[in-house]
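To keep things clear, I will list the structure first and then write my remarks on it.
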Amino acid sequence: MRSEFAAKIGIVEQNLSQVIRGKNECMHLVLISMIAGGHTLLEDVPGTGKTTLAKSIARSIEGIFRRIQFTPDLLPADITGSSYYNPRDGIFEYREGPVFANVLLADEINRTSPRTQSALLEVMSENQITVDGRRRDLPQPFFVIATQNPSEFHGTYPLPEAQLDRFMVKVTMGYPEPEDEIEILYSQNTSHPFDDLKPVVTCHDVLELQADVKTVNLDRTVAEYILRLVSATRKDSRLQLSVSPRGSLALYRTSQARAALAGRDYVLPEDVRSLAVPVLAHRIGLDTRARYSGVTAERVIEEILEETPVPR
């Protein structure tokens, strides 16, 4: 059963590698987030393939793809949809927003105002929206891939802590290696590889994978290890914001997903260790002294991993 699980995701990864070159670890993390039922934040400079990755995932799972370009003048109704008056019938009708998709690309999310950013909160946590007092469920699966430029770029608004905590993982793509970039140049000589990309699984397959992830066994000793890591962030004097229970659950669920991708029906401490930085680092907040001394959130999590005993 686990071998079939791993095979399906392997087919998706192989499909994505036709378009995204040299970013296997990044693709792996994004797929872990998807099958764990979470959302992904991609951060990097423009032009590194963030948008292409999101579009490629949507096509690979034969899902509905929508894209929202976040700009300073974007309004919440531009995301969720709104009611408009139909003069012919004399009634108000609801026009769906772009959130009604299987894969939603929130492009450059930190270029819009905090008010509009917060409009995604209900969507990401509840898989539904409420407009004019009526609840509307979103298509399933529903997966948000948000991209953002580094916060020091001109015209960006830092995402609030509540918004960051909604993302299961945060991934940085980085520039490709020279040999990979050579392949990118030649692969787009006459056409873009994305044009030839075909679906390899269905949305129904993704839903089955998400359900299967929850059946992976996570021993109590490993769960206690997760809580020791999280507890360490709550005792670290350099942090003014530590990992919440939502972060504990995210590390729990992604560890199950990683084990399933490896063809196992049980979680190892190594699964937890490999995911701690992408799952936890964006959930903690450094105090002023730590920030100005050059400490990074990623380094704090790495030090906690080094200092916390690993269960045997």
Net dipole in debye of region 73-155 [+1 Lys, Arg Cβ; -1 Asp, Glu Cβ; about Cα centre; nearest 20]
160 debye
For H204, the net charge from surrounding residues (Cβ-Cβ under 15 Å; K, R +1; D, E -1) works out to -4
Between T52 and T308, what is the spin-label point distance in nm, taking each point 7 Å from the Cα along the Cα→C-beta axis?
3.6 nm
Long-range share for the chain, i.e. C-alpha pairs more than 26 Å apart as a percent of all pairs, stands at 49 percent
Place a +1 charge on the Cβ of each Lys and Arg in the chain and a -1 charge on the Cβ of each Asp and Glu, then give the dipole magnitude about the Cα centre in debye, rounded to the nearest 20.
760 debye
Using a Förster distance of 25 angstrom, determine the FRET efficiency expected from the C-beta separation of R136 and R67, and round it to 0.05.
0.80
Farthest toward positive dipole pole in the chain [+1 Lys/Arg, -1 Asp/Glu at C-beta], among F167, Y186, S237:
S237
Given 0.36 nm per residue, what is the gain on full extension from T296 to V45 after removing their alpha carbon distance, in nm?
88.5 nm
Taking the Cα centre of region 215-312 as the origin, how large is its charge dipole in debye, to the nearest 20, when only Lys and Arg (+1) and Asp and Glu (-1) carry charge on their Cβ atoms?
280 debye
Measuring from label point to label point, each 7 Å out along Cα→Cβ, what is the Q128 to T221 span in nm?
4.2 nm
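FYI, it's all coordinate maths here, none of it is from the lab. All values reported here derive from a predicted model rather than from experimental measurement. Ideal geometry is used to build each Cβ from the backbone, glycine not excepted, and the neighbour counts take in all protein chains shown.
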